[in-house]
Amino acid sequence: MPAVGIPAGTALACALASAAALCLVAAAKRGTTPPPDKAVVNATPGEVTGPQARDAQPDRGRAGKSGRDRRRWARPLAAVLVIGAAAGGASAARVAAISGGPVASMARDGEAAWLEMVVTGDPQPIQSTTDRVDRVKLKARLERVRNLRVRLPVIVLGDAASWRDLAPSSRIRAFGRLSEPQQMDGTIAVISARGRPILQRGPSALQREATALRAGLRTAVSALGPAERGLVPGIVVGDTSQMPEELSEQFKRAGLTHLLAVSGANLMILVGFLLGLARVVGIRGRLPPLLALGSIVGFVILARPQPSVLRAAVMAVILIVATLTGRQRAGISSLCVAVCLLILIDPWLARSYGFALSVLATGGILVLAPRWADRLSGCGPGSVGAALGTVGRLRRLFAESLAVPAAAQVACLPVLVMLAGQVSLIAVFANLLAAPAVAPTTILGLLTAVMAPASQSGAAFLGHLAGLPASWIVRVAALFAELPGAVLPWQSGPLGAFAAVGFLVIGAVMVRRVRRSRWVGLTCAAAAIVLILRPSLSVGWPPPGWVIVACDVGQGDALVLRLAAHTGVLVDTGPDPRPVDRCLRDLGVRMLPLVVLSHFHSDHVAGLPGVLNGRAIGEIVVSPLDDPAENAVHVRRWAARARVRVRAAVAGEIWQVGPARLTVLGPRVLLGGGQVNGEGSAANNASIVMLAELHGVRLLLTGDIEPPAQAALLSDGGDLHADVYKVPHHGSAYQDGRLLAAVRPRVALVCVGAGNDYGQPAPRTVSALKDSGATVLRTDERGDVAVVLAGQALRAVARGRSP
Ligand SMILES: [Zn+2]
C-alpha cells in the first residue's frame, strides 16, 4: 500500500462514524433476534459462548419494549461518544507533541545532528527518481538527539550498502539531517543519514530468529524464476524486497497488490489449514484452537511484530473465534471493539488506508462471504462438515474460495476508489482467478520458511512447490494487467467513495430484482464482459485548440507545446521510453524542432529513446550541469545515434520556434544542494526554467527547481506572471511561497506518478495552489491533461487515466 494519508478531519470522522455504525448494527441485531440455535449446534465443544448470548437473555425478559429500545441505542451511543472524545484527546496530544517539540523545530530548520535510534521496520529499497537507486528507507524510533531524551517515530533514508542489513529492534547511532515529513502520518521527521550507522546493540533474539527465517525463505526460493522468487516471500510474509518492478506494476493494474501486504487473510489461510488438518487427522477438543493461536504467534514473529502485523493478528483472532463458534455477529461486535481500541491506542490509524482496508476486508468476510458461499454452493446456511458428502464438501470449498476474496474486494471498493481515483473492473475477476493459488502459496511458503533452518535441500524442494501456484498468480497478473479497459476512471476522494457506495447499493438491489429472470442476468453478465474487454476508446483526443499537454508518464515530467499540426516542442521525456512515445503518438506529433531536457535526472531524460523513435528532431537543449554524469553520457550517445545535435542552454537566450517564443530564465548560476530529504540536489537546481509565449498564452516551465533556485529566479526581478504554471519538482513540499504569488497562474500542472514513494505532490503544495485560485491538474489523477484555448478563455481537459 502506498504511504498516502487520508485527509485528517474526514479520516477521524469516518473511522468513528463507521465504528459507531458497527456498534449500533450489532446492538440492534442483538435486541431483535433470539439467540441463534444454529450457533450453539456449530460451536466447538468447550468453545466460549459469545458475550451476546449472555447479554441477550436477561434483556429479553426485562421491562417494556420502549425501555429496551432506549437502552439498546443509548449504550453503544454513549460508548462511541466516550471513545470519540478519548481518541480526539489522544490525537490532539500527539499532534501537540509532534508539532511543538524541539525535534520538530530542528526538522523545520533542517538541522543536522548525531542521533540515537531504534530500528522499528525492515529497510525498504527506494524506487528513486533521482538515480540514487542505492538508497533504502526504514522506520525507526528516535531516542536521543543531542542531550535530549525522546521517543518519537521517524523515517530514515540511508545508503543501501550500510543500512540494508539492519534488523528491527537494533539500536544505532548515526549522523543525519532532519527535515519535515511531507505527510501528517504521525512521523515527526525524515532523517537523511550521512555515512554508516554505528551499531550499539544488535537485534533481539526474536528478531534475529525472524531475520534468519526470512533469509532462509529467500534462499530456498532463489532457484525459481525472477517473478516467483520475488512473489513467494511477498505473499507469505509481506517481504517485497525481491519483487521485480514490472511485476509490482502488473499487480497494481490487476488489483492484486493487497496480496503482498500481511493481512488477516494470511493468518486466516494458515489457521484454516491447521484446523482442517486437525480435523482430518482426528484431533478434536481444545487442542485445535490452541494450535491455531500458537500458529498466529509464530506467524507474527516471522512477519515481524510490527503494528500492521499485530493488527492483522487481532483481525485473525476475531475471524477465528467467529468461524469456530459459527457466530458472525459476535465477530462484528468484536471487530467494532478492536477498531475502537486500536484507534484509541494509535489515533493515526484513522488516517491509514492500510488499516481501513484491513478492517473492511475482515468485515466483508464476516458479513458477506458466508451468505454468498451458501448461495453458490446451493447449501443451506451454515451447513458444514459431517452433514455433507465428499462432493458437497468440495462444492462448499469451491464456493468459499470464490466468496471470500469477492466479499473482501467489494467491502474494500469504496476506499480503493478513494485511493486510486479509479474502479478496477477486472480486479474482482483477477482476484477470483488468483484466489485458489493464494492459499497453497502461503502454506507451502510458510513450510519452506520453517524447514529452512533444518534442511536446505528440503526447503528448496518445498520452495519449488510453492513456486507452482505462485507462477499461476504471476500469469493472472500479467494477463489482467494487459486487458484494455482494465481500469475505469473514477472521481477520487471522499466524493468518489460515496458514489461507489451508492452504486454498490443500487447494484445489490438490482441483483435482488433480476435474480428471478435468467435472461436479465445473462444480459447483465454479457454487458459486464463487453465493458471489461472494450477497446480503449481514444475519441476526443487531442482536444481541438490544445496549447500544452502534460503527458501521463508515471513519476516524471513530459510536456508537449503545440506549434502546428504534427509539430511541437517537447520538454522532458519522463522515466520510460514507452509512455512518452504513446503520448506523442496519440497527439499526432511527428516533428519536434526542439526538445528541452530540463536536467539529467532519469525521470526527465530516460524516455528519450522513445521520443527519437521515428520522429524528426531539430536539436536537443540540455541543462548546463552534467549531473548525474552517466545520464548525460547516455543522452549524448542516444542523440548521436539519431544524428541530433545536443547543446547546453544559456540563461537569457530567446528562441523563436514557429509561433512559440521561449525565454530561458535559468539557471543563471549553478547552486548547491537544496534541503529535500537527501534528494535535494544541485541537478534539480540546475533545471532549465523557461517562459513560453504561445498563441497568446504565457507558460512558466520550471523543471525540478527547489527553494534555492526558486529564490534566485525571484531575485532576478523579471515578470514571472504566467497563465499556465508547471509546478516545480512534481509538487513537492519544498516551494518558495513567493514564487506562486509572483506567477499567479490560472492553471497549475503537476506531473507526478500515482502512489510514488515521495508523497508527491505534497498536500500543502496542492492546497496552496488551489487557494491561489488556480485550477490544479495532476497527471496521477487525470492521466494526460491538456490546456485548451477556447476564444480568450483557457480550459483544462483531462483524458482520464489510460489503462
Ligand atoms: Zn523530477
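The values are calculated or read from the model by the stated rules, or taken from the named source; none is laboratory data. It should be emphasised that the depicted structure is a prediction, and the values quoted were computed from it without experimental measurement. Every residue, glycine among them, receives a Cβ derived from its backbone with ideal geometry; neighbour counts consider all protein chains shown. Side chains are part of the model used for accessible areas, which takes the heavy atoms of the whole protein and leaves out ligands, DNA and RNA. Shrake-Rupley method; radii C 1.70, N 1.55, O 1.52, S 1.80 Å.
A few notes on this one:
- Vicinal HN-Hα couplings computed from phi for the range 458-471 (Karplus, 6.51 cos²θ - 1.76 cosθ + 1.60; Hz; Gly/Pro x): x, 5, 5, 5, 4, x, 4, 4, 5, x, 5, x, 4, 6
- Here the range 432-463 is scanned for amide nitrogen atoms under 18 Å from the site 7 Å beyond the Cα of I283 along Cα-to-Cβ, giving 443-444, 446-448, 450-451.
- Computing FRET efficiency as 1/(1 + (r/R0)^6) for E653 and S105, where r is the C-beta to C-beta distance and R0 is 51 Å, gives about 0.75.
- Anchor K137: aspartates and glutamates whose Cα lies under 16 Å away (excluding residues fewer than 8 positions away in-chain): D122, D159, D165, E180, D185, D239, E679, D757
- Ranking by accessible area, most exposed first, for I283, I506, I365, I620 with a 1.4 Å probe: I506, I283, I365, I620
- Between V646 and T219, the simple label model (points 7 Å from Cα in the Cβ direction) yields a spacing of 4.4 nm.
- FRET E, pair Q124, V669, Förster distance 30 Å, beta-carbon r, rounded to 0.05: 0.25
- Computed over neighbours whose Cβ is under 12 Å from that of L670, the net charge equals -1, Lys and Arg +1, Asp and Glu -1.
- Long-range HN-HN contacts of G755 with modeled amide H, under 5 Å: none
- Using a Förster distance of 25 Å, the FRET efficiency for M591-H721 (Cβ separation, nearest 0.05): 0.25
- Stretching S767 away from R371 to a fully extended chain increases their span by 138.1 nm, per 0.36 nm per residue minus the current alpha-carbon distance.
- Counted residue by residue at 0.36 nm each, then reduced by the alpha carbon distance between them, the extension gain from H566 to A86 reaches 166.6 nm.
- Available extension along the chain between V391 and R146 is 81.3 nm, counting 0.36 nm per residue and deducting the alpha carbon span.
- Rg ratio (alpha-carbon, reference 2.2 N^0.38 Å) - the range 558-647: 0.96
- Modelled label positions at L291 and Q792, each set 7 Å beyond Cα in the direction of Cβ, lie 8.1 nm from each other.
- Tail fraction, Cα-Cα pairs, the range 540-698, threshold 25 Å, whole percent: 26
- Straight-line cross-link partners of K726 among the aspartates and glutamates, defined as a Cα under 17 Å from its Cα and at least 8 positions apart when in the same chain: D552, D557, D572, D603, E693, D704, E706, D736, D771, D780, E781, D784.
- Binned Cα-Cα distances of the range 661-803, short to long, each 10 Å bin given as a whole percent: 12, 43, 36, 9, 0
- Surface composition of the range 137-263: carbon plus sulfur atoms contribute 50% of the solvent-accessible area (1.4 Å probe, protein chains only, all chains present).
- The range 688-763, Cα convex hull volume normalised per residue, Å³: 95
- Derived scalar couplings between HN and Hα for the range 149-156 equal 8, 9, 8, 9, x, 9, 10, 10 Hz in order, rounded to whole Hz, by the Karplus curve 6.51 cos²θ - 1.76 cosθ + 1.60 (θ = phi - 60°), x for Gly and Pro.
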